[in-house]
Every structure is written in C-alpha cells, then in structure tokens.
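Encoded as structure tokens, the structure appears first; notes follow it.
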C-alpha cells in the first residue's frame, strides 16, 4: 500500500476543534507539501495521518523523538528494531554488529555525519540532531514518509541535499514545510491548510510562490 | 505587613506545626536523668579525639561485614524494586510496596531473627525488603519521567522488551544510577545499626564498647564509619561494582544455621493471636485486641506522634540555623569547610546511633531522641538548602549579615525547605517508632517488649499498627506538599 484515502480526520484541543473534519486522498507517488501559517494545524494533521498509516510510514516528528543518552548509531538503528529479534537488539545495544555498523555509516555519509557515529545525541547541535532523525527515517525505509519540518534547522545546501534524498528514497511522502520555495521545488502537490481545513490543493506545477503566500 | 505575612499558606502551615510541637512539649518527657551527664559527655568526646584503632581485630571484621550486608541488601532490594517498578501501575503492587517500606529495617530484622536466627539471611532481608519498596516507588517515578516521544516513533511491531531497552532505560539510566548509589550510602547506615539487634556489624561492636566504657574504641569505630561513607566516591566505582556485588555474599560471615522447625512454628503458631491459638475463637480475640490496643498501641501511638512532631519542628529550626554554615553567602572558606565537616558528621551518623550515644550519656527520656533526630535530619536538610543557596545570585548591593539571611535567602529557599521537611516527616516518624527499642515509650518499645516476652502475636499487631501510622503520615505529608505546591527529590 502506498496510496490511501483519509477521510473524516478531526482533532480537538481542550474542547476546541483544531482540525477538520477533513478528507485527503493520497495517490501512490504523491509527494505532498503541507503548507500554511504556524498554528494552522499542520503538525496535528501529520500526527493524525501517522495514526492512520502507522505500519507503512517513516516518521520525522517536529521534536525528533531521539533518545539523548544513546549514540547516533543506536538512534538510527532504532528505525529497524522491528526487523530483528529481542536478543539481536539487546546485543546491538551492548556491541553493534559489523553489518549494521557499515550500513548506518554509509547512510550517514550523505548527511555529513560519519564522524559523529558514536557520539551521544545529547552532545549534538540542533541541525545535527535533525539529521539523526532524518537518518533514522531513511534507515526505516518505509514506503511512505511523514515529516514535520524536517529541514528547519539545516542550512541552504544541506537542506536541499536532504530534500533530494527524501524525494528519491520515498515513493510517497507528506511533508509539513513552512519554506514555500522548498515545497515548490521538491513536492508534486501542494496542500494548503488554513484554520484546520484544506484551503488549497493543487499540483505544484500549477502554482507560483505568490499563490501560496495568500495562505499566510 | 504582618497580616500579609501570616496570610501566606506556607507561613501559616509552619506556625500550625510549631504550635502543635509546643503543645506536645507539655506532654513530652524531656529530662536529663543521668547523675553526671556532662562528665560522661566529656569522656565520650575524649574517646573520639583519642581513638583506639587497634584494640581488637573485631573492628575490621565489623567494618567488612557492614559493607557486605549493605551491598547484598541494597543489590537485592534494587533488583526486586526494579521488577516491582515495572508493574507499579497496579494498585496491589503499590499498596504492597508502601507496606513493606513502612516497616523499619530493624523491625524486619527483629522479625527474621525470630525464625532465621543469627543467619546472614536475616540481615540481608532486613535491608532488602524495605529498600525494595522504596526502590519500586522511586524507580517507577524515574521511568515515568522518561521522554515518551522516542517510543512513539518506533517502528510498529517492535517488541516490548526492545522498546523498553532502547527508549526508556537509556533516558533514565543516569538517574537510576545516581539514586541507587545514594541508597547504597543509606544502606551502609542501615547495615551499621543492624548490629544493635545482634548482627555482626558496627552497631554490635559500638554497643559492646559502650557497655564496657571503652569510649576510645567507640570513637575509632565512628571515625572509621565516617571515613567509609565520605570516601565512597573513591571506592564505589562503576567498574568495581560487579566485583563488590558478586564478592559481598562471601563476607557476610557464617552466622548460625537456620532451624527450619523454627520457621514453621513462627508462621503456624507464634504469630497466631493467643486466643485463636488456645481455641477461644473470635470471642476471645476481641478482649485480647482491646487490651493490646488500649494498653500498648494507644500509648505507643501517642508517644510516637508527640515525639515525631517535636522532632520535626526541632529538625526544621536546626536546618534553618545550620544552612548558613555551608552557604557561600556567609563567612570565609575556613568557616564553610568547618561547617561542611560538621554537617557531614551530623548526617552520616544514623539517628539510631546518635540517640543511643545520647541516651547512654543523659539517661532515658525523649530528649536524646529529639536531639538525635534533629541533628541527623537537620544535617541533611541544612546541607541540601545550603547547597541550594549557593546557586542563588544576589544583586551586588544586597544586604549583609542577618538581613541577608532573613530578607534575601530564607524567603527564597523557604518553600523547598518545607518540601524537604514534609518529605522527611514520614522518615522521622519511622525512626521515632524504632527508637523505642532504646527505651523511649514509642511504638518500638512495645514491639521490643512483646518480643522479649516471646509474645510474637502481639509484636506483629504492633508492627502492623506502626506501618499503618507511617503510611498515614506519608499520605498526609504528600497531601500538604501538594496543597502548598511543594516539590522535592527523594532523600533517605
């Protein structure tokens, strides 16, 4: 499964509805950018979609979900904990196997993080932490990517290279982005969120930056 | 202005507790009954400054046994406590843990002595059982505080054990380690006082030296104990820990073999209430229970509460007086170092040992108990508060001297001071009850007398009453802390 039909999505926060009811049809191969001003409900929507498609998605939440006391390697390896036995995972905690070490090392190369492989994530900068969460999502290797502002702490060239990676590695993706430029360049479909509802849903080739700016 | 101050809930609560303690003083038996207390105190201090480290080879053995019992007891307690913490959400587990930690180590020792005798198991279990209850509570709180987010992004289908090992343990590890090593220090104190009921640890030799008037031997023992506790960071190393834990069971000593017949008799006969044992049935049970409650439990509870309330307020006053000794806002480095040494001595001497020494010197009354409890607990809270003031940055032109104390520092630390004090309320009560063994008429006195008279059925009921009283005070303390919005980390 890599396309799905999401209907009747709603979310309330202390009695006040913040999302929906909202329906979104995701086709296989769609690369969707969720845009809209902060507070419009993008993060909540990502979370709701994740609850629906859990099993087949790689998630990069806004607060990253890293285990600070573990090394970069272990945080990335966590993307595939479901693929191994408890015994294998426990051994890896104490002493990782050579095969996994090599795999994670290769993955970190494209993110420029290899020298930090064994550093505890607590010691990393904001941008480095974000790249660890990205590496974990890539390592997870699910057909669908759900990401909430995945490159917000990265500089221009690195942000572009990561967005290229994410575009090429996942057949279907839904990414919340506040950067309109990135949204237009790396996604095929733009979904604009306003007050918890879909205010815009167009292929990106039909849009220019100023069309999206009206949402803000 | 005054009205404003008295309307503050923290000040009002403090004044209510002060008033209760003052009323308690009217009923308390506070006196120095020894014929020449100051000469004895002088002799004791003379013994401390002229310690005799070579009087008997027993001293080093006692030290070794003290460490061994602490390691085995705390290790076993932390393992069991950890397992309990995993299922701490279940109400029966929480009640069970609260119950086993409400019974003091010495009471557990007295119980096990009746059927395991002087076997090492008695000492190990006496530490491990109450500690398991405490570990269960604190570990579960630590585990609960772990960041839940990493768990949410795990791939679905990840096994429970794997998820626990990757997302919970790493996040909690440092806190668990810090708390466990802190508990080890408490374990050394618990282990030392187990000697007072006959186990081969420091308390036993301290008791022996005192009863023979060998103050220099007692002084040597106390000094060695302080050195042992103070140097813990040097010899308790993560790498050496497995060596200690695996090695410690071999240094517990032989003790005496367990007579399994005693174990059976204890559970099937000794602790069965006498009327039931004699076939009088429920009709005999009520008068028996009535007599026990009116003649032993009630006076025990009354004295325990009176002494606890006085000791609590004395502890508070002493903490507030003592914290400037180590605060960087007062005095020079010399005063602070001296203050630090005094506080380390006060807080590393178990209240039981302090009370024992003061009782020997001043004779039996509530006074030695109040002073012992205030010194030990005041040392702990004073140390914590003093350390807290060191992180306070005062403006450059802040008042000095007593004005700095009363206007700048006390108002800033008062809430956390109260938090620590109410946290220790239950601990002070648990100790107050146990000090009865030394001859003050608190619950421990009646428990100890019942055991001396081989009336274990009565002893068990009284221990149960003590546990319930502790649980009650613990609940009340937590209620007050929540009401006043006071937060604190656990201390022991």
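Read-outs throughout are calculated quantities, based only on the coordinates presented, and are distinct from any laboratory measurement. Because the structure is a prediction, the values reported are computed rather than measured. Note that we place each Cβ from the backbone using ideal geometry, even for glycine, and neighbour counts take in every protein chain shown.
Some notes on this structure:
- Relative contact order computed over segment B:1-149 (Cα-Cα under 8 Å; 6+ residues apart), in percent: 27 percent
- FRET E, pair residue B:342, residue B:90, Förster distance 56 Å, beta-carbon r, rounded to 0.05: 0.80
- Treating r as the C-beta distance of residue B:25 and residue A:165 and R0 as 60 Å, the FRET efficiency rounds to 0.20.
- Note: chain A, Cα convex hull, 129 Å³ per residue.
- The orientation-averaged shadow of the Cα convex hull for segment A:1-117, equal to a quarter of the hull surface, comes to 10.2 nm².
- Here the spin labels are modelled as points 7 Å beyond Cα on the Cα-Cβ line, and at residue B:484 and residue A:101 they lie 5.5 nm apart.
- Highest to lowest packing among B:117-125, B:155-163, scored as the average C-beta count within 10 Å: B:117-125, B:155-163
- Take the Cα of residue B:397, step 7 Å toward its Cβ, do the same at residue B:64, and the gap between the two points is 6.6 nm.
- Enclosing the Cα atoms of chain B in their convex hull gives a volume equal to 198 cubic angstrom per residue.
- Here the peptides B:277-283, A:82-88 are ranked by packing, the mean other Cβ count within 10 Å, and the order with the highest first is A:82-88, B:277-283.
- Global dimensions of segment B:298-367 from alpha-carbon coordinates: Rg and Dmax equal 15.5, 51 Å.
- On Cα atoms only, tilt of A:42-53 relative to the major axis of chain A in degrees: 70 degrees
- Shielding value for A:60-72 is 4, the average number of Cβ atoms from other chains within 10 Å of each residue's Cβ.
- Helix-only arithmetic for chain B: the sum of -39500 (n - 2.57) across DSSP H runs with n ≥ 4, divided by the residue total, places the mean residue ellipticity at 222 nm at -23000 deg cm²/dmol.
- Neighbour counts of C-beta atoms inside 10 Å place B:460, B:60 in the sequence B:60, B:460, starting with the fewest.
- 10 °C / 1.306 mPa s Stokes-Einstein diffusion coefficient of segment B:217-375, Kirkwood radius on C-alpha pairs, µm²/s: 75 µm²/s
- In this label model, residue B:295 and residue B:12 are separated by 4.5 nm, measuring between points 7 Å along each Cα→Cβ vector.
- Counting Cβ atoms of other protein chains within 10 Å of each residue's Cβ and taking the mean over peptide B:160-173 gives 5.
- Compactness index (Cα Rg / 2.2 N^0.38 Å), the protein assembly as shown: 1.20
- Take B:324-335, A:41-52 and order them by the average number of nearby Cβ atoms within 10 Å per residue, most first; the result is A:41-52, B:324-335.
- Size of segment B:60-270 from its Cα atoms: along the principal axes, largest to smallest, the extents are 68, 48, 26 Å.
- Sequence-separation-based contact order of chain A, relative, with Cα cut under 8 Å and 6+ spacing, percent: 31 percent
- Segment B:60-270: relative contact order as a whole-number percent, Cα under 8 Å and 6+ apart: 34 percent
- Bins of 10 Å from zero: percent of alpha-carbon pairs in segment B:195-300: 11, 20, 22, 22, 18, 7, 0
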